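Each remark here refers to the structure printed beneath this line.
We did not get these values from a lab; they are worked out from the coordinates using the rules stated. As the structure is a prediction and not an experimental result, all values here were calculated from the model. Glycine also receives a Cβ, built like all others from the backbone with ideal geometry; neighbour counts cover every protein chain displayed.
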Amino acid sequence: MSKHWFRRYTGVSNRGINPRGFHVSQLKFYAILLPLAAFMMLPIVFIFSNAFKPLDELFAYPPRFFVVNPTAKNFTDLFARMSTSGIPVSRYLFNSIVIALATVAASIFVSSTAAYALSKKRFRLKQTLFAINTVALMFVPIAVNIPRFLVIEKLNLLDTFWVHVLPVLAMPVGVFLLKQFMDVIPNELIEAAQIDGASDWAIYRRIILPMVRPAIATIAILTFQAVWNSADSSTLYVTTESLRTFAFYLSTLTATATGANVVAGQGIAAAAALIMFLPNLIVFIVLQSQVMSTMSHSGLK
Amino acid sequence: MLGKGFLKKRVNNGEGSAYAFLSMYALLFIIFIVVPVLAAVLLSFTFFDTIQFPRFIGLRNYITLLTQDDTFMKYVLPNTIEFAVIVGPGGYALAFLLAWILAQLPRLPRTLFALILYSPSMTGGVAMAVVWKTLFSGDQTGYMNSFLMGLGIIQEPVQWLQSPHYLMPIMIVVTLWSSMGIGFLAMLAGILDINPELYEAAALDGVKSRWQEIFYITIPSMKPQMLFGAVMAIVGTFQAGAIGVTLSGSNPTPQYAGQLIVNHIEDYGFLRYEMGYAAAVSVVLLLMVLFFTRLSNRLFASKD
């Protein structure tokens, strides 16, 4: 009640945080955001525009930002092409899709089971383990690439499908976000289910998972982006060409684009970059409202 | 009696199943995070060329790093500090400010702008390398060159990505461009989550300007998200270290202009096979990340 009274009294219902509609005072924010957003979007608009440029426009002088005569030729070229080792592009794309799907599914499962234990179970090491996980949030994988390589070598994982999947599953942020979300679920709900004779697994499956759906969507996005965009596992741990990913293929294209194969490479690289970028965008747009609600639980306490 | 025994059994059950639920993650966590970190620490005290078994040499790697590694002291460390200070706190402040501005808009435009600002962070370096290399291409067909020559600012094409002069600024801009990641989203959600009555109360208490509001209400009410954002910013900054090599296409980068600590590790580890020394540099990097995270913890830890 007092809120309504205050808003009416001061006339600020559309000013300040989270307004319902437009107000003149918002103009200054648009004045800042519009040019900035345009600048931020440039490279992404460029990906779209470049992917559809015919060859003469790609090398036009002076260069033109927007495509004039769009063509799908870059895409047909891309899929018609074999890599230097005779692997068709579709194979890299297939690998990437399978790896991304497998990793996202596995990551949701692994993170959510661990988060369930850390949030709702009582055991001696609970606080310690969560503290360790929180410290690991600041872990920079790139710093220990070398010992990681040695570990993966010792486990005989080099040059396997699993080497793309398993290292990504140790994702402290995922466990952290899910645990924060699960903490809010009332314990009474779980106790009631226990009294009704529900097993641990049933509680996890039927009560916990449905209630943390936004956090799961977020983990799915984070994992997807980590796997889909990374060429590292293919570069470092895989030597069999048919086991490598699309991101890796794209990185070879940009490497040659500066060297020998400038002309043929550019159009293909532009098309590949768009294929690389689009799934990220689509997945995020579909799930963005879920992400926002996860992030309000994302605090470290 | 029955009750007590029953209770005990339940607690035991709970412990067992807790560890069962944790087991998979714990196993992966140990294999891919704990063991590599410990191995890096151990290797850092050895000489290891990947062929012979590591030989213990005490602190010599660290001493070499501090006293004899000219490249490290002259280029890598100053570069890393310059890069980290601008991209870390700079990107973080920018993310907060933009999140705050977005929170002042109604839902639809807010979502649209959030999407636009977030989208750069979801493309890894790979897809973007294509774009940056074209935009900053060294000949006159490069967009940057053509644009600046058109304006008459430069007379002949500049080799942007091969130039020791421009590589670092370009790396910083590119990284800032993609720094509105999940930390940014967390801060936006945090701001939107603050109870509006707090602002009303503050207004009645005499908080006048929006700046006062930010410092007395907004930031203190969302410390957890501020801290999460800070940790993500720090990790992101050090993780972004590969950008110089991606842009210039070579490690070491031209005249070490864009050489960051991460590239130094790769240079020694994978190109020169001095794994022990590379491990010592890794340990130094991890300690730096830890130090900065501690620092932000001091700033934003909630007191309760």
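The amide H of B:Thr46, built 1.01 Å from its N in the peptide plane, has B:Ile57 as neighbours under 5 Å, considering only residues 5 or more places off or on other chains.
Among A:Ala102, A:Ala136, A:Ala31, the residue with the largest mean-square fluctuation in a Gaussian network model of chain A, with springs joining Cα atoms closer than 10 Å, is A:Ala31. Which residue fluctuates most in the GNM of chain B (Cα springs below 10 Å): B:Met226, B:Met187, B:Met24? Its mean-square fluctuation being the largest, the pick is B:Met24.
In this structure, B:Asn297 and A:Ser242 have a Cβ-Cβ separation that, at R0 = 56 Å, corresponds to a calculated FRET efficiency of about 0.75. Net charge of the neighbourhood of B:Tyr256, taken over other residues with C-beta under 14 Å away and scored Lys/Arg +1, Asp/Glu -1, is -4. Site pair B:Arg272 and B:Leu27 shows an inter-label distance of 4.0 nm when each label is modelled 7 Å from Cα along Cα→Cβ.
Pairs spanning more than 32 Å between alpha-carbon atoms, out of A:Lys28/A:Lys53; A:Lys28/B:Lys223; A:Lys154/B:Lys223: A:Lys28/A:Lys53; A:Lys154/B:Lys223.
Both numbers refer to the Cα atoms of chain B; Rg and Dmax are 24.6, 93 Å. Per residue, the average separation of C-alpha pairs within less than 8 Å and at least 6 apart gives chain A a relative contact order of 25 percent. Phi angles of the stretch B:261-275 translate, via the Karplus equation with coefficients 6.51, -1.76, 1.60 and θ = phi - 60°, into HN-Hα couplings of 4, 5, 5, 4, 4, 5, 4, 6, x, 9, 9, 9, 6, 9, 5 Hz per residue; Gly and Pro are given as x.
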